[in-house]
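The values are calculated or read from the model by the stated rules, or taken from the named source; none is laboratory data. Predicted model, so just to flag it, every value in this text is computed and none were measured. All Cβ positions, glycine included, derive from the backbone under ideal geometry; neighbour counts span all protein chains shown. The protein model used for the area step is the full one, side chains on, heavy atoms only, and it has no ligands, DNA or RNA in it. Shrake-Rupley method; radii C 1.70, N 1.55, O 1.52, S 1.80 Å.
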Amino acid sequence: MAAITMKNIVKRYGDGFPAVQEVSLDVRDGEFMILVGPSGCGKSTLLRMIVGLEDITSGEMLIGGKVVNKVAPRERNLSMVFQNYALYPHLTVFENIAFPLRLAKTPNEEVNRRVKETAELLELTEHLDRKPSHLSGGQRQRVAMGRAIVREADAFLFDEPLSNLDAKLRGQMRTEISRLQRRLGVTTVYVTHDQTEAMTLGDRVAVLRKGVLQQVGSPRALYEEP
Ligand code: ADP
Ligand code: ADP
């Protein structure tokens, strides 16, 4: 677990209008922070700068108190869940979840232990030997989630992970994600343009508009304002 601190973060693509302007935001250790705003307001850009997939034009990004502006993505020990969660169709659920551990050359015994723990948490234990094509949409989404959390990352970053799901499944997954985050207590930044997700999922909500951070507060405080 690690706090994420942004200090006067600016991102300019080329010489255009800045996509992110002087954003300062402190995500506390173990906190579930929602980043909300309309399409094009800079949410993904900000998330990509946390993960290290995008250079920061100016300002400082700190993870666990350490400046990471120049730290490569794979050295940040963060886990990102994308909107398009491609599973490997030819691998079993077990191997799909195990994938990041295999990449990291984790010993077999530990892979077994961690995949089984993760599967239990996500209620996938009975499906470990199946291929993704034999699973329901919700189960596939949980496998993708399992793959993201199987490594003991310092923080989770979600980029609109539910936007491709139908309304019913989205509702189920919302409950699931919030339960999981509370159970694991891992610092989380969750990007969405969906007001319902913003209101129900997180501890605090940060509202971004045209690259500028407009408000930060509890969902209650923000949405009860006149
Ligand atoms: P959001 O995630 O809120 O939809 P983005 O972070 O994707 O917003 O985009 C913020 C702004 O930056 C938009 O104006 C977008 O067009 C621009 N932008 C995003 N990525 C790039 C890029 N790789 N090159 C140039 N402009 C970009
Ligand atoms: P099962 O173990 O249930 O028989 P299959 O091996 O038939 O599962 O594969 C399940 C799905 O994965 C199918 O849609 C199949 O097309 C796909 N698949 C199987 N093997 C591969 C592979 N090597 N590369 C890509 N997709 C594969």
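Summary of values
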quantity	calculated
Estimated FRET transfer efficiency (Asp129, Lys66; beta-carbon r; R0 30 Å; 0.05)	0.15
Cα centre as origin, Lys/Arg/Asp/Glu Cβ charges: the stretch 30-74 dipole, Debye	120
Separation of the Glu109 and Ala86 label points, Cα + 7 Å toward Cβ, nm	3.6
Relative contact order, percent, the stretch 105-185 [alpha-carbon distance under 8 Å, six or more residues apart]	26
Crossing angle, helix 137-149 versus the chain [Cα axis fit, 0-90 degrees, rounded to tens]	70
Local electrostatic count, Ala155, Cβ distance below 10 Å [Lys/Arg +1, Asp/Glu -1]	-2
Charge dipole (debye, nearest 20) of the chain; +1 at Cβ of Lys and Arg, -1 at Cβ of Asp and Glu	260
C-alpha long axis of helix 108-121 to longest principal axis of the chain, angle in °	70
The stretch 128-187 versus the stretch 35-113: alpha-carbon centroid distance in Å	14
On Cα atoms only, tilt of 167-184 relative to the major axis of the chain in degrees	90
Simple label model, 7 Å out from Cα along Cβ direction - Leu53 to Tyr13, nm	1.3
10 Å binning of all Cα-Cα separations within the stretch 41-163, expressed as whole percents from 0 upward	13, 40, 31, 15, 2
Furthest towards positive pole of dipole, Ser163, His134, Ala119, structure part the stretch 116-171, Cβ charges	His134
When the convex hull of its Cα atoms is projected in every direction, mean area for the stretch 1-47 (nm²)	3.6
Extended-chain gain in nm, criterion 0.36 nm per residue less alpha-carbon gap, Asn77 and Ser218	48.0 nm
Stokes-Einstein D in µm²/s, Kirkwood radius over Cα pairs - the stretch 110-226 at 10 °C with 1.306 mPa s viscosity	101
As computed over the chain, the Cα convex hull volume per residue (Å³)	126
Potential lengthening between Asp29 and Thr196 on full extension [0.36 nm per residue; Cα-Cα distance subtracted]	57.7 nm
The chain - percent relative contact order, Cα under 8 Å, separation 6 or more	31
Given Lys168/Lys210; Lys66/Lys210; Lys43/Lys70; Lys11/Lys70; Lys105/Lys131; Lys70/Lys105, the pairs whose alpha carbons are separated by over 19 Å	Lys168/Lys210; Lys66/Lys210; Lys43/Lys70; Lys105/Lys131; Lys70/Lys105
Per residue accessible area in Å² of the chain, where ligands, DNA and RNA are left out and the probe is 1.4 Å	50
Leading residue at positive end of dipole, the chain (Cβ point charges), from Val67, Gly37, Val143	Val143
Globularity index of the stretch 10-77, i.e. its alpha-carbon radius of gyration over 2.2 N^0.38 Å	1.11
